[in-house]
1. I'd like the full set of residues that are out of contact with any Ser or Thr (no Cβ under 7 Å at 6 or more places or on another chain), of a type in the set (A, V, I, L, M, F, W, C) and under 15 Å from residue 18 (Cα atoms), limited to region 38-70.
2. If you take the residues of region 334-366 that are over 19 Å from residue 241 (Cβ atoms) and of a type in the set (A, V, I, L, M), which of them is modelled with the lowest pLDDT?
3. Does region 195-212 hold any residues that are surrounded by 17 or more Cβ atoms within 10 Å (Cβ to Cβ), closer than 14 Å to residue 398 by Cα and polar (S, T, N, Q), and which are they?
4. Which residues, counting only those in region 422-454, are open to solvent by 10 Å² or more (accessible area, probe 1.4 Å), touching an Asp or Glu at 6+ places or on another chain (Cβ under 9 Å) and more than 30 Å from residue 9 (Cα to Cα)?
5. Against the conditions (1) closer than 30 Å to residue 429 by Cα; (2) open to solvent by 20 Å² or more (accessible area, probe 1.4 Å); (3) outside any loop (DSSP other than H, G, I, E, B), where does residue 393 fall short? Just the number, please.
6. Only residues that are open to solvent by 60 Å² or more (accessible area, probe 1.4 Å) and either in contact (Cβ under 8 Å) with a residue 24 or more places away in the chain or in contact with an Asp or Glu (Cβ under 9 Å, 6 or more places away or on another chain) (or both): list them for region 321-352, please.
7. Just checking, does region 402-409 include any residue being in a loop (DSSP other than H, G, I, E, B) and open to solvent by 30 Å² or more (accessible area, probe 1.4 Å)?
8. I'm checking my understanding of the structure. Among residues of region 357-379 that are assigned to a loop (DSSP other than H, G, I, E, B) and small (Gly, Ala, Ser), which one is least open to solvent (accessible area, probe 1.4 Å)?
Amino acid sequence: MSDTIAAVATAPGGPIGIIRVSGDGAARAVSAVFQPKNGGSLVDAPPHKLVYGTLHSRKGAVLDCCLAAWMRAPHSYTGEDMAEIQCHGSPAVLGEALAALFANGARQAGPGEFTKRAFINGKMDLSGAEAVQELVTAQTAQAAQNASAQIAGKVGGTVQALRDSLVEMVAHFHAVVDFPDEDIDPFLFEQAQEILHRAAGTLYSLAESYERGRVIRDGVPCVILGRPNAGKSSLLNALLGCERAIVTDQPGTTRDVIEETVRVGPVLLRMLDTAGLRDTDDPVEKIGIERALATANGAAMILAVFDGSDMLSDEDLMVIARSHGRRAIAVINKSDLPDALDLAKIRRHFDHIVSVSAKTGEGMDALTKLIPSMVGLDGAVFDGSIITSARQAAALARAAERCEEALFAAQSGMTPDAVVMDAEGAIAALGEVTGQNVTEDVISKIFENFCVGK
């Protein structure tokens, strides 16, 4: 038996609001607040079919004319009896409708409780359930595509197949040991090595994809460095496609860190425009420069901007020094003006150089094509195989290590039980990914950061 939960599943302020209800008492609760126009009850209608009717308050007053659908267990998102009411997005309507549902036996759903029930009822594995939140919060089409494939079982299917092969190998070993008089094929090290080698390679590949996954999910902190009037703010505006930063001929216009987010292909850049680097007596500008240097230290990428129409200055050398040994692109700005910059000196310090005009847009395509390759997403396939969960990545890495240890034991001629012990450790770690070997505390922690109604 499961209690009945209800929640608004759409963001506030939209024209349409969706209320979700799930649990053993969903039929009674929804029937009490929604009346089909053609009479009868919503649960008498065919499942998964939208029905037109009226939504009522606790006192029976009509709140809205809307649509509702009924889903009978186990053929629903949660695997339980479930209903969705699609009404207008008025906070008053949604609030009164929820109050009516609560008065008829439902309670407020907790964060991620619908998806948690879907996991518990076997509608998806834990990796797929985690991907639901990734899909809800995705900020690029590629992130959404990757999360959607994981919900469909891309990671879970791969991991489960590897886990099954290891379980079969271990079970074979135990059968040989426990039933020596039975006609069972002997435990073969060659077969075990093949299974372990394949598993270790796949698992390491999945675990290592997390670095790209973190870029997909969180974006790349990218700082724009340069001397005053090199065109940093103009470059930010060109990337954003709007006039976000103030641009003037007066040096030192930008005095604080300006933060904006921009999508560059599959990459989400968290852009940080900073004060121009130079020696100054202005105390406010000094603070801005200190913040610029601190921001550069914490950034994952640097766009080092140089004025292509002028010679290198001491301030430019400060920019070069801050960019040395970092993931950086030298952006030679003002390509619409006559060249004066000695590019040979720039090439000695930067592997990647792009000439642009932030004013006219010339060269911006080349810059935006280069950025994805700098963070390892150039040509990436977003088919769900890129891990975006630190928890999953850690478990996959542990499983890969145990497979590698088991493989070493098999290749070194150790006894089969040494191989099996490490293989069982890998099986346990893989169970953390799929949800077969996790505690209730871990499950609760995963879902506590979900959106309510999901």
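The values are calculated or read from the model by the stated rules, or taken from the named source; none is laboratory data. What you see is a predicted model; the values in this text were computed from it and never measured. Using ideal geometry, Cβ is built from the backbone for each residue, glycine included, and neighbour counts are taken over all protein chains shown. To get the accessible areas, we keep the full protein, side chains included, count just its heavy atoms, and leave off ligands, DNA and RNA. Shrake-Rupley method; radii C 1.70, N 1.55, O 1.52, S 1.80 Å.
1. Once the filter is applied, which keeps residues that are out of contact with any Ser or Thr (no Cβ under 7 Å at 6 or more places or on another chain), of a type in the set (A, V, I, L, M, F, W, C) and under 15 Å from residue 18 (Cα atoms), region 38-70 yields 50, 51, 55, 66, 67, 68, 69, 70.
2. In this case the residue turns out to be 340.
3. Listed by number, the list holds a single entry, 202.
4. Scanning region 422-454 gives 422, 425.
5. If we test residue 393 against (1) closer than 30 Å to residue 429 by Cα; (2) open to solvent by 20 Å² or more (accessible area, probe 1.4 Å); (3) outside any loop (DSSP other than H, G, I, E, B), just (2) comes out false.
6. 322, 324, 326, 327, 336, 337, 338, 339, 342, 345, 349, 352
7. So far as region 402-409 goes, no, none of its residues is in a loop (DSSP other than H, G, I, E, B) and open to solvent by 30 Å² or more (accessible area, probe 1.4 Å).
8. Filtering first and then ranking leaves 357.
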